[in-house]
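The values are calculated or read from the model by the stated rules, or taken from the named source; none is laboratory data. Fair warning: this is a prediction, and the values are worked out from it, not measured in the lab. Ideal geometry is used to build each Cβ from the backbone, glycine not excepted, and the neighbour counts take in all protein chains shown. Protein only, heavy atoms only, side chains kept; ligands, DNA and RNA dropped before computing areas. Shrake-Rupley method; radii C 1.70, N 1.55, O 1.52, S 1.80 Å.
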Amino acid sequence: KVEKSKGKRGRGAAGKSNVAVMAESEQLEDIDTGKKSSQCRYFKAKVLDHHKAEGINEAVKESFDEKSIVLSDDSTSYVDISDYVELHISEKSSEGLTKETLRWVHITISNAKKNFVGNYNKIKGKYLQLYLNEFIYKLNRRYFGEKLFDRLVIAGITGYD
């Protein structure tokens with residue numbers, strides 16, 4: 001999901017940046033009830049200079065494995081994504097798309113905004129990627145629990161997280 005920043009918009013839109021938010025999710029189905037739910041574990045966020053295909057393509061190349069299946073809205077900036085992944089499915093923006101398919105992306109954007117407003121008075125654009133990195137780092141490690149310190153030590157020694 002990318003927030004666009006063009007010209008004059010509604011209240012609160014001034015100063016917004018283009019940010020690509022990506023969520024890795026799996027569709028799970030309860031064997032007994034048949035109820036489907038999506039589980040999301042890992043996220044990525046990248047500040048973009050603009051909302052054009054070149055920037056989106058670069059973010060996709062850096063962030064996705066070629067065997068990935070990508071779901072997105074039908075923005076014209078996403079036309080080349082299928083060149084970099086196994087399958088790209090785009091859907092016209094709707095309430096259903098927001099609530100179901102891209103649910104975790106929108107939840108992450110909302111939580112990041114709340115986190116930034118609650119913790120920081122003002123974020124300069126040149127530092128936004130660093131703030132996003134911190135937010136995503138913590139978000140991706142939310143299930144580590146008691147093993148968080150051990151994982152941090154291993155990452156420090158080996159250079160891997």
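Filtering ASP32, ASP49, ASP74 for residues that are under 28 Å from TYR143 (Cβ atoms) and not hydroxyl-bearing (Ser, Thr, Tyr) leaves a single hit, ASP32. Those strands (runs of 3 or more DSSP E) of region 20-103 in which at least 2 residues are open to solvent by 90 Å² or more (accessible area, probe 1.4 Å), considering only elements entirely within it, cover 36-48. Listed conditions (1) within 15 Å of the chain's Cα centre (by Cα); (2) within 16 Å of GLU24 (Cβ to Cβ); (3) open to solvent by 60 Å² or more (accessible area, probe 1.4 Å) are all met by ASN133, apart from (2).
Restricting attention to region 111-125, the residues that are within 13 Å of VAL19 (Cα to Cα) and either at pLDDT below 90 or open to solvent by 50 Å² or more (accessible area, probe 1.4 Å) (or both) total 2.
Looking across region 136-150, the residues that are open to solvent by 50 Å² or more (accessible area, probe 1.4 Å), at negative phi and either part of a helix (DSSP H, G or I) or in contact with a strand residue (DSSP E or B) (Cβ under 7 Å, 6 or more places away or on another chain) (or both) come down to TYR137, LYS138, GLU146, LYS147, LEU148, PHE149, ASP150.
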